[in-house]
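Input: a single structure, listed below in structure tokens.
Just so you know, all these numbers are worked out from the coordinates, no wet-lab data involved. Model, not experiment: these values are computed from the prediction. Here the Cβ positions follow ideal geometry from the backbone for every residue, glycine too, while neighbour counts run over all protein chains shown.
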């Protein structure tokens with residue numbers, strides 16, 4: 001691994017950011033700070049998972065909340081109805097959400113839906129799921145599902161303190177960051193780049209664009225479902241309006257857009273900045289801040305489109321290029337001296 005390589009540098013920087021967040025959370029005496037950092041980690045995890053399809057694949061997968069919500073309900077139902085461990089439900093949430101992603105890919109890519117039609121379809125699915133669960137008595141309907149935690153139980157992922165959830169959430173984020181890194185270095189990553197840049201040229205080179213995009217959707221969906229399964233255990237309460245909320249959906253995506261959806265470090269930094277800002281505003285302005293949230297996010301999104309077309313990570317990448325371009329001649333001279 002070489003820090004002069006932009007991809008390797010991002011992985012190292014991402015790990016450092018996660019370790020710093022863990023240190024701040026574990027050392028903080030405030031449960032509120034731990035709560036904010038954990039939610040920021042979960043938003044960053046979903047944004048990073050989305051970047052596989054939305055960034056590398058160039059797909060307008062706007063309805064990422066569908067997979068997050070499905071994962072949340074997988075754990076909520078299986079934990080409260082059957083007592084199945086959330087550790088198992090994380091994987092089941094991945095599988096169910098991935099299956100949903102596979103179904104969406106089959107219904108859209110196979111029938112030629114793309115760009116804005118694809119985006120509207122994914123958003124529509126999230127609202128269909130929301131209203132189905134609002135009327136499904138077995139899943140609690142509008143009342144939702146409550147998860148009661150009485151004592152610490154590692155196997156059942158039940159902790160009185162919030163700090164164990166913080167560490168688990170950051171571990172999930174780290175795992176998704178590593179998976180994204182490995183995908184970008186893999187054959188799938190190169191195929192996704194080819195399809196994103198020129199779909200027709202990729203097809204001419206023998207790349208199956210439908211299959212490649214399907215893999216990206218399934219991975220983004222499954223990882224988002226896993227995060228949703230953990231979220232339901234962490235929050236101890238879910239309902240359809242909450243876990244299929246379009247407001248939450250776009251809050252999660254905003255981190256990737258502002259950070260840089262084609263990078264590893266971008267979604268992480270974007271979400272790490274946005275979620276704390278949201279909670280600080282909520283704390284300062286109280287319940288009357290809803291309209292201001294919309295103004296803030298709308299203004300921020302417009303400004304980012306104008307000033308940061310490639311996200312925050314663009315400036316970091318430019319710095320990285322300049323820094324290692326300057327250090328390269330010195331390294332070559334040192335190497336030449338060692339050879340002599």
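Things to note:
- Label sites at residue 200 and residue 148, each approximated as a point 7 angstrom past Cα along Cα to Cβ, lie 6.3 nm apart.
- Percent RCO, i.e. relative contact order, over the stretch 6-245, from Cα pairs under 8 Å lying at least 6 residues apart: 41
- With Cα atoms, 0 to 90° folded angle of helix 312-339 axis to the chain main axis: 40
- The angle between the Cα long axis of helix 163-185 and the main principal axis of the chain comes to about 40°, on a 0 to 90 degree scale.
- The chain: angle of helix 209-235 to the longest principal axis, Cα-based, in degrees nearest 10: 50
- Sequence ranges 30-38, 162-170, 228-236, ranked by mean other-Cβ count within 10 angstrom, highest first: 228-236, 162-170, 30-38
- Net length gained if the chain between residue 242 and residue 116 were fully extended (0.36 nm per residue, minus Cα distance): 42.9 nm
- Directionally averaged projected area (the chain, Cα convex hull): 20.6 nm².
- Cα gyration tensor shape for the stretch 112-237, rounded if a/c is under 1.5, else prolate or oblate: oblate
- When the P(r) of the stretch 1-144 is calculated, the portion above 28 Å amounts to 36% of the C-alpha pairs.
- The stretch 175-214 and the stretch 48-90: distance between their alpha carbon centers, rounded to Å: 22
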